[in-house]
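Encoded as structure tokens, the structure appears first; notes follow it.
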Amino acid sequence: MRHFIKFALLIVTLSLGNSAIAGSVARALFTVGVDNREPVIMITSISADSYDSISFFTELTDLNGHTVTHQWMFNDKVMFEKSFEVGGARWRVWTSKTLIPSWTGTWTVNVLDDDRTTLESKSFEYN
């Protein structure tokens, strides 16, 4: 009976390990634009006087076949979501958000996997 329990625990452990996503977020950053699938410049804050939109760029590795979502949050509220089907071992995606002056404060973008687990989270200040 002990051998059976050990064997069952081993099978469960291996199964859980295989179901976990092996891929990762290689890069995640805010930018004012994307050119030739690369961010133009990395930013951590943006002024309402200078720009009215911002992009979030993500480079994903080893997530081929998975769905990844950019979830834009402001004041604990989801403001926008966009899901992507990852089509290669190295995959670059980005989303953009137009901001209005009354939305000043901290914004966060969460990168979510298939089961909505957070793979990465980044924030910027809009002032």
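Readers should treat all values here as calculations from the given coordinates under stated rules, not as data from a laboratory. This is a predicted model, so every value here is computed, not measured. Quick reminder, even Gly has a Cβ in these numbers, built from the backbone with ideal geometry, and neighbours come from all protein chains shown.
Ser50 - would you say it is without any contact (Cβ under 8 Å) to a residue 12 or more places away in the chain and either of a type in the set (Gly, Ala, Ser) or closer than 24 Å to Glu125 by Cβ (or both)?
yes
Residues being touching a Lys or Arg at 6+ places or on another chain (Cβ under 6 Å) and among the aromatic types (Phe, Trp, Tyr): count how many of those fall in segment 64-79.
Going residue by residue through segment 64-79, those that are touching a Lys or Arg at 6+ places or on another chain (Cβ under 6 Å) are 70, 72.
Checking which are among the aromatic types (Phe, Trp, Tyr) leaves us with 72.
Going through segment 64-79 one residue at a time, the tally reaches 1.
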